[in-house]
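Coordinate-derived values only; no laboratory data. Please read these numbers as outputs of a predicted model, since none were measured by experiment. Using ideal geometry, Cβ is built from the backbone for each residue, glycine included, and neighbour counts are taken over all protein chains shown.
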Amino acid sequence: MSAGAGTLGMDQAIWRPKANPWIIGVVVSLAAFMEVLDTSIANVALPHIAGNLAASNDQSTWVLTSYLVSNAIVLPISGWLVGLFGRKRFFITCIVIFTISSFLCGIAPSLGTLLIFRVLQGAGGGGLQPMAQAILADTFPPEKRGLAFALYGVTAVCAPAIGPTLGGWITDSYSWRWIFYINIPVGILALALVYSLVEDPPYMARLRAKGIPAFDYIGFSLLTVGIAALQIMLDKGQEDDWFGSHFITILAVTAAVCLISLVIWE
């Protein structure tokens, strides 16, 4: 093993943040909880969104699809973006984008603008979970990581469980717009705490100093089109009678060609 690799491994094993690791764990789990909750909370509000924005029920399902597609595209390039901006800066940027786009979703005057803001929100949310897990892995020593990830796992399990109930209550008691507005105070709190407490470990600065890997534009294009086609096919397939629909068939072929080409390219 080279001296550089040995130093990198030593940094990862020895370095610990200044703040209490458990506080950091709660903070990053809060940000991830916000994103996971938003994935499920909008489901029950779709009929209200459709009625309020003069859209059909089928059209309103794009509120979910647009978010999931954008989220799935950002997720695999999170590592490259961390190399470009740094982990803490990228995590903060994701929180800011997610929080601002939540506000924009809440004030959206039409379904078209809501979908645009949901794409933006999905892009911000796509980096929250992988960054939260990476921060936990570096923050805790090996013997405590299992417990730390168990804490994180609670958020991943609880958020989808309470999302539909909370979304239904908010929509019936107030307005569907509040399912997005509730992200604003949580996002601001998470932003302030992450900025104050989270640190990038020393080894990340050395990795960035070595240079950022070249961005694979062809691979990213294949991945983007393939994932988008696959996600839309899975979301819309049941509504459109699966392969009885030319639209779904085209999506399936597109996804297969792009993803197989991606494997060959890589």
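Structural remarks
- Tilt relative to the chain, helix 21-41 - C-alpha long axis, 0 to 90 degrees, to 10: 10
- Between helix 111-125 and the chain: long-axis angle, C-alpha atoms, 0 to 90°, nearest 10: 20
- Rounded to whole numbers, the Karplus 3J(HN,Hα) couplings from phi for the range 95-101 are 5, 4, 4, 5, 5, 5, 5 Hz, using 6.51 cos²θ - 1.76 cosθ + 1.60 with θ = phi - 60°, and x at Gly and Pro.
- Residue 151 versus residue 84: modelled label distance in nm, points set 7 Å from Cα along the beta carbon direction: 3.2
- Compactness relative to 2.2 N^0.38 Å, alpha carbon Rg of the range 216-266: 1.17
- Shape call, the range 162-266: gyration tensor on alpha carbons, a/c limit 1.5: oblate
- Tensor-based shape of the range 94-240 (alpha-carbon gyration tensor, a/c under 1.5 rounded, otherwise prolate or oblate): oblate
- Taken over the Cα atoms of the range 13-171, the convex hull encloses 111 Å³ per residue.
- Estimated inter-spin distance, residue 174 and residue 260, nm [label 7 Å along Cα→Cβ]: 4.9
- By the rule of a C-alpha distance below 14 Å, with chain neighbours fewer than 8 residues away ignored, the aspartates and glutamates paired with residue 18 are 138, 199, 200.
- Extension gain for residue 246 to residue 162 (0.36 nm times residue separation, less C-alpha to C-alpha distance): 26.5 nm.
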